[in-house]
Amino acid sequence: MSASASHDKCEPNLTPLLDVVLQLVMFFMLCANFVMESVNEDIVLPLAIEARALDKDVRDYMILNIDAKGVTTVGPEVFETPIKIQGFLKNQHDLDKARTKPAEWEKGKGRSVVVLRAHKDCSYKQVDDVMNVCRKVGYNNIQLRAIKANPRT
Amino acid sequence: MSRRSRHHAGAPTEPDMPIVPMLDMSFQLLSFFILTFRPLPSEAQLALALPKETGGAAAVPTMNMDAEEEDVIIQVFAADNGNVVSIKAASKSGDVALGSDTSALFKYLQDKAAAARGGDATKKAPKLKFEIGERLNYQFVIKLLDEGRRAGYDRISPTLLTAGGGGAKK
């Protein structure tokens, strides 16, 4: 009896394990892609207690990154001075206008929300210059991005 | 022929798919992604309402010029190193020095908001305008805006301190 049992081949079922592992791999791959999309990781954001999450109704937003030297980047595009970004923002503004109904545009709808991710060590002048360009182009709805701070700390 | 018949006659053979090498590779991929995964801290926003561009930078309201009477205007003077030199509340009745610490500013803003509401909690707080020296460190700018929000102001607009500001002079 015992001899015959020892001859049986005992194989663990590895298929469920493989399923779980592949799902985990997929999760990490997707997370890595989404996080890197338009955020510059070199920028250290300031802390703010009252910062709130971006409104879920906002579908169109544009992230402008300003590093410690005042250089602005939008995705892969680099703009050394705020003046150089004006043309880019103008194009975006025209695109917003083209895809919005004229009646809604007149009501102030259809414009992208500008999210400024500025390094905590840059000066206010550097941020203000970019905000002024946004204002000139027609973007008045600007959000300053910060790290949500714990009020107790 | 005899082989074929024997094959048909016997028990069906199960295809043997080696899972172990695939599992090895999956574990390697998984360990790579776990090691390189860095979750970003939770980012959030401070919303601003910038004045519309009508006539260039001059259109940005400055102290006691074309600002509404009930607007609260705070001037922040910056040193060359980006720190705050002094904070001043500007009003028609006179300027109020608030030192260089934000705790006095927070108390002042709270009092002003409460006075403007006059006990009516549904009433909106007045507009809050910060006139900020150009060299002020951005971290401190965010701190100012944060204090404004905490004090109950929804409409906050920062502008550059133009004349007489310590940070504006080189």
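The values are calculated or read from the model by the stated rules, or taken from the named source; none is laboratory data. Remember, predicted model here, so these are calculated numbers, not experimental data. Don't worry about glycine lacking a Cβ; one is built from the backbone with ideal geometry, like all the others, and counts go over all protein chains shown.
If only residues of region A:50-78 that are over 18 Å from the mean Cα position of the chain (by Cα) and buried (at least 18 other Cβ atoms within 10 Å of the Cβ) are counted, the one that is farthest from the other protein chains (Cβ to nearest Cβ) is A:70.
Condition check for residue B:99 on (1) on the phi > 0 side of the Ramachandran plot; (2) surrounded by 21 or more Cβ atoms within 10 Å (Cβ to Cβ): one failure, at (2). Looking across region A:96-123, the residues that are touching a Ser or Thr at 6+ places or on another chain (Cβ under 9 Å) and more than 14 Å from chain B (Cβ to nearest Cβ) come down to A:96, A:109, A:110. Outside any helix (DSSP H, G or I) and either surrounded by fewer than 22 Cβ atoms within 10 Å (Cβ to Cβ) or in contact with a Lys or Arg (Cβ under 7 Å, 6 or more places away or on another chain) (or both): does that describe residue B:116? So residue B:116 fails the test.
Region A:1-111 holds helices (runs of 4 or more DSSP H) entirely within its bounds, and those carrying 2 or more residues that are more than 29 Å from residue B:18 (Cα to Cα) and modelled with pLDDT under 90 map to A:15-35, A:82-98, A:102-106. Within the group B:111, B:80, which residue is at pLDDT 85 or above and closer than 22 Å to residue A:66 by Cα? Result: B:80 is the single residue among B:111, B:80 that is at pLDDT 85 or above and closer than 22 Å to residue A:66 by Cα.
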